[in-house]
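What follows is a single structure, written as structure tokens, with notes after it.
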Amino acid sequence: MRALLVVVLAFAPSCALIATHSDAPRAKVRGPIPTRVQQPNKLTILAFRPRRARAGEAAQELRVTGEYSSMFENGDVGDERVVLDGEIARLAVAARFAVASRTDLEVELPVVYASSGFLDRFVEAWHALLGFPGGGRDERERFTYAMEIEKDGREIYDLEGNELGFGDVPVVLTHQLVEESPSSPAVSVRAGIDLPLGSDSRGFGNGAFDWGGGVLAEKSWGRWTTTGALDWVDAKRPSSFVGSGVEVEDDLSLQWGLEYRWNDAVSLLGGVIANGPVTRDFRIKELNREMVSVDVGLAFDVGERSTLVVGFEDDVVAESGPDFTVFASYSLGL
């Protein structure tokens with residue numbers, strides 16, 4: 001019931017706004033959904049969030065994004081053991097500002113908290129409703145916590161539970177190459193690094209500088225907008241992996257978003273984020289499978305220069321990623 005209440009409260013503010021459908025809404029782009037995969041190892045490396053391929057109307061922008069995920073992966077094969085059972089909350093405050101014509105810089109400061117949580121029964125019911133597999137949840141007691149990875153009897157990763165910690169800090173520079181026109185999309189390139197602020201020993205970071213880059217595109221027609229991105233990250237392994245024979249896989253990410261402007265104040269949003277596996281050096285699927293997250297959300301104007309996005313996310317592969325995520329993101333143009 002608590003989980004259901006979270007979802008209801010997330011969508012409740014938009015119910016009145018979405019009641020009226022407009023035949024010709026104003027051409028304001030409110031998407032894409034700015035989420036990232038909440039798999040605990042992936043949270044320790046650089047990730048590029050979905051964003052527009054061109055800067056918004058405001059030269060400066062503040063964004064606060066909260067994501068809450070239920071995670072269950074339980075595997076034991078030979079000398080490999082993975083137990084990722086719990087819930088992860090991540091709150092990130094980001095500032096974006098123009099540094100040149102068609103160029104902006106974004107810095108994000110995240111905090112992470114993991115616990116046994118309260119979503120177990122809800123996720124079980126949700127997966128049963130959709131016909132998804134249970135993923136072995138019946139093998140462990142509900143509302144227990146463990147975020148551990150072992151290789152050859154040695155623990156190589158452990159995310160401390162019931163502890164608040166800073167995550168690594170992404171710094172991303174984006175430059176628009178092509179402006180949108182009736183015949184072509186807007187196209188931008190971006191590059192970023194991950195500053196190792198998060199604790200390596202406590203599982204909040206990897207203790208190293210990750211870097212990467214990618215390309216973005218955006219095209220609108222009528223009341224529709226689609227966005228996309230392809231990014232690559234040179235992912236570094238944490239010090240605890242050294243000597244284990246386990247390397248972290250460089251991350252290749254593909255993003256796609258779709259927006260439908262319902263009326264002058266509300267947009268319906270959808271998105272897909274595909275990520276590579278954490279590593280290829282584990283045989284078991286809990287770490288060596290790709291993740292494909294599907295997002296569904298609503299975006300509505302809170303003010304003339306502010307937008308609130310709420311929604312949920314599910315991993316359709318259901319092998320290595322989180323089972324269910326709820327999110328909210330508030331952005332304010334300055």
> Considering the stretch 156-196 alone, what residues qualify as being outside any strand (DSSP E or B) and either free of Cβ contacts under 8 Å to residues at least 60 places away in the same chain or under 20 Å from Tyr145 (Cβ atoms) (or both)?
Replying inline: Leu159, Glu160, Gly161, Asn162, Glu163, Gly167, Pro182, Ser183, Pro196
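Rundown of residues vs (1) of a type in the set (Lys, Arg); (2) modelled with pLDDT under 95; (3) in a helix (DSSP H, G or I), yes/no style:
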residue	(1), (2), (3)
Thr20	no, yes, no
Pro25	no, yes, no
Thr35	no, no, no
Arg49	yes, no, no
Ala53	no, yes, no
Gly56	no, yes, no
Leu62	no, no, no
Glu67	no, no, no
> Is it fair to say Ala114 is at pLDDT 95 or above and of a type in the set (Gly, Ala, Ser)?
Replying inline: yes
>> Regarding the stretch 77-95, can at least one residue be identified that is at positive phi and charged (D, E, K, R)?
In response: no
>> Can you find a residue that is touching a Pro at 6+ places or on another chain (Cβ under 6 Å), under 23 Å from Gly75 (Cβ atoms) and among the polar types (S, T, N, Q) anywhere in the stretch 226-240?
In response: no
>> From the list Ala208, Ala217, exactly one residue is of a type in the set (A, V, I, L, M), crowded, with 16+ Cβ neighbours inside 10 Å, at pLDDT 95 or above and not in a strand (DSSP E or B). Which is it?
In response: Ala208
> Does the stretch 161-168 contain at least one residue that is out of contact with any strand residue (DSSP E or B) (no Cβ under 9 Å at 6 or more places or on another chain), at pLDDT 95 or above, surrounded by fewer than 16 Cβ atoms within 10 Å (Cβ to Cβ) and not charged (D, E, K, R)?
Replying inline: no
> What number goes with the only condition from (1) assigned to a strand (DSSP E or B); (2) in contact with a helix residue (DSSP H, G or I) (Cβ under 7 Å, 6 or more places away or on another chain) that Glu124 does not pass?
Replying inline: (1)
> When the residues of the stretch 75-104 are filtered to those that are small (Gly, Ala, Ser) and surrounded by 14 or more Cβ atoms within 10 Å (Cβ to Cβ), which remaining residue is modelled with the lowest pLDDT?
Replying inline: Gly75
>> Could you list, ordered by first residue, the pairs with Cβ atoms under 7 Å in which the first is in the stretch 213-242 and more than 16 Å from Pro32 (Cα to Cα) and the second is small (Gly, Ala, Ser) and in a loop (DSSP other than H, G, I, E, B), at least 6 apart or interchain?
In response: Lys236/Ala208; Pro238/Gly207; Ser239/Gly207
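The values are calculated or read from the model by the stated rules, or taken from the named source; none is laboratory data. All figures in this text were calculated on a predicted structure; none of them were measured in a lab. Using ideal geometry, Cβ is built from the backbone for each residue, glycine included, and neighbour counts are taken over all protein chains shown.
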